[in-house]
Amino acid sequence: MWPFTPSNVPVIEAKRAQRTRALESAGVDNATGDHAQYYGATATQIVARIQAGEWTASQVLEAYIARAVFAHSKTNCLTEVFFERARKQAKELDAEFAATGKLRGPLHGVPISIKDQFEIEGIDTTIGFTQWANKPATKNADVRLSLPTPTPRIPANDHVSIIPS
């Protein structure tokens, strides 16, 4: 450590504890066999099944949350975890689809993970620098995918998180 730089150990320990609490509160059953049907599906198949009423965004999300928790237990791949925000978004998508019968966009209900170099409002964008920890983004990055219209805006940040679009 550079002699004039304060220790980053307290920041690292606090962020790890925050992540551990989020993972423990995820309430998953560690990727049961019931979830296997979702893992093999492409994004197109997920959207088609949701549109057909066979799956909901919430069901797909829960499977992917369970898988993310499992993957993290093996590889330590998650930095920021905001499953509750994703669950809220999935419920909103499900309610909207139930009321209108229409999908919000081409990625309706598809869980995504995003590298933590893109800003998501309220979430730290550290890119691994402890100096940037505990300074959550004040707005979402404007990230666009190359998709046929309508092209969705996807709020972004976080190393591996799950957000239904």
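The values are calculated or read from the model by the stated rules, or taken from the named source; none is laboratory data. Being a predicted model, the structure only gives us computed values, none of them experimental. Reconstructed Cβ throughout: ideal geometry from the backbone, glycine too, with neighbour counts over all protein chains shown. Quick note on the areas: whole protein, heavy atoms, side chains included, nothing else; ligands and nucleic acids left out. Shrake-Rupley method; radii C 1.70, N 1.55, O 1.52, S 1.80 Å.
A compact table of results
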quantity	calculated
Distance between modelled label sites at ALA43 and THR130, nm, 7 Å Cα→Cβ extension	3.6
All aspartates and glutamates inside 15 Å of LYS115 as judged from Cα atoms, apart from same-chain residues fewer than 8 positions distant	GLU80, ASP124, ASP142, ASP158
Residue-level accessible surface for VAL28, protein heavy atoms, 1.4 Å, Å²	50
Difference of contour (0.36 nm per residue) and Cα-Cα distance, GLU96 to GLN18	24.9 nm
Whole-angstrom gap from the stretch 8-62 to the stretch 97-127, using each part's C-alpha centre	13
Amide hydrogen neighbours beyond the local backbone of ALA137, cut-off 5 Å, H modeled	ILE120, GLY122, ILE123, ASP124, THR125
